[in-house]
Amino acid sequence: MRTKLFSVGGLVLVLLAVIVTRQVLFTVNETDQVIITQFGEYKRTIRQPGLAWKMPFLQTVNRFDRRILTSDAPKAEYLTQDKKRLVADPVTRWRISDPLLFYKTVRDESGARARLDDLVLSELRREVASHTFVLVIGLKRETIMENVATTTREKAKEFGIEVVDVRIKRADLPQEVQLSVFQRMQAEREREAKRYRSEGEEESAKLKAETDKQRTILLAQAKQDAEKLRGEGDGMATRVYAEAYGKDAEFYAFVRSLQAYELFLGKRSTLVLPADADLFRYLSSPQPSTTPHVTPAPTTR
């Protein structure tokens, strides 16, 4: 019986020791920073990772993330300087720089996000209202967000928060305005397409006209050159014929007659001519006549 009591008592002592140890010692992670409070009153801040201690049952450990956090504000509608509506959803990156001030002002991350969203939306609304729509979505977008981040950073220091950056995920027109804008953009693109087509057709007509002109010029030049070459060839042939006739008129007449026979008479040619026709003078009488008769030169043209 006594042994059982000692066993139960030892077990109770071990459990008490474990509970007290867990209440006294705790671990600080590398991603955490800790504030120790006693009945809601600040005692100390622990930033170094490792094993730390506190008063058991009296002090409370409040952990805060030391990494960069993100606050994604809901979409909101803004009015630009030229009275155009814009829908944007900003994103804020921030970290807890002063855990004690953070704990006193916003208590936790949800409270910090609510304060940051209010600051960012207010500053973004002011910046957008001082610029035109084209500048907000185009050239001045980076400058506007830098101004918003700078102003928000100064105001967030009051809550122990360091604002790293502020950006816009997406900037759109309101839903009821998008359709009319898209239709206008489509009409502009169609107008540009028609202009490009008309310019292309005009250029095509110019190229075709120039091509036809060059073709006509080339054909006329080629015809002129052909006629010139043909005339030169006829002249040269005439000159050769004349020289041959001057050397031996009878032989020239004989050769020309043979050439005429070759052209006139085929395998199945039938000619009805008088017996004394000049065409067959050399066939009927092989003796040359005293007066040479020249058969006209055959032509193939």
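Structure values in brief
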{"item": "Filtered residues of the stretch 16-37 (kept if surrounded by fewer than 13 Cβ atoms within 10 Å (Cβ to Cβ) and within 28 Å of R113 (Cα to Cα))", "result": "T27, N29, E30, T31"}
{"item": "Any hit, the stretch 38-51, residues being surrounded by 13 or more Cβ atoms within 10 Å (Cβ to Cβ) and under 30 Å from L135 (Cα atoms)", "result": "no"}
{"item": "Residue in the stretch 249-269 that is modelled with pLDDT under 70, of a type in the set (A, V, I, L, M), exposed (fewer than 10 other Cβ atoms within 10 Å of the Cβ) and not in a helix (DSSP H, G or I) present", "result": "no"}
{"item": "Odd one out for G40, checked against (1) under 58 Å from the mean Cα position of the chain (by Cα); (2) closer than 20 Å to V106 by Cβ; (3) modelled with pLDDT under 90", "result": "(1)"}
{"item": "Only one of V34, V12, V20, V24 that is modelled with pLDDT of 85 or more, not charged (D, E, K, R) and not assigned by TED's automatic domain parsing to the domain that holds D118", "result": "V34"}
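Residues checked against (1) in the same structural domain as G160 (by TED's automatic domain parsing); (2) touching a residue at least 12 places away in the same chain (Cβ under 8 Å); (3) surrounded by 15 or more Cβ atoms within 10 Å (Cβ to Cβ):
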{"position": "M55", "(1), (2), (3)": "no, yes, no"}
{"position": "A73", "(1), (2), (3)": "yes, yes, yes"}
{"position": "A76", "(1), (2), (3)": "yes, yes, yes"}
{"position": "K83", "(1), (2), (3)": "yes, no, no"}
{"position": "W94", "(1), (2), (3)": "yes, yes, yes"}
{"position": "G111", "(1), (2), (3)": "yes, no, no"}
{"position": "L119", "(1), (2), (3)": "yes, yes, yes"}
{"position": "E123", "(1), (2), (3)": "yes, yes, yes"}
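The values are calculated or read from the model by the stated rules, or taken from the named source; none is laboratory data. These numbers come from a predicted model, not from an experiment. As a convention, Cβ positions derive from the backbone with ideal geometry for all residues, glycine included, and neighbour counts pool all protein chains shown.
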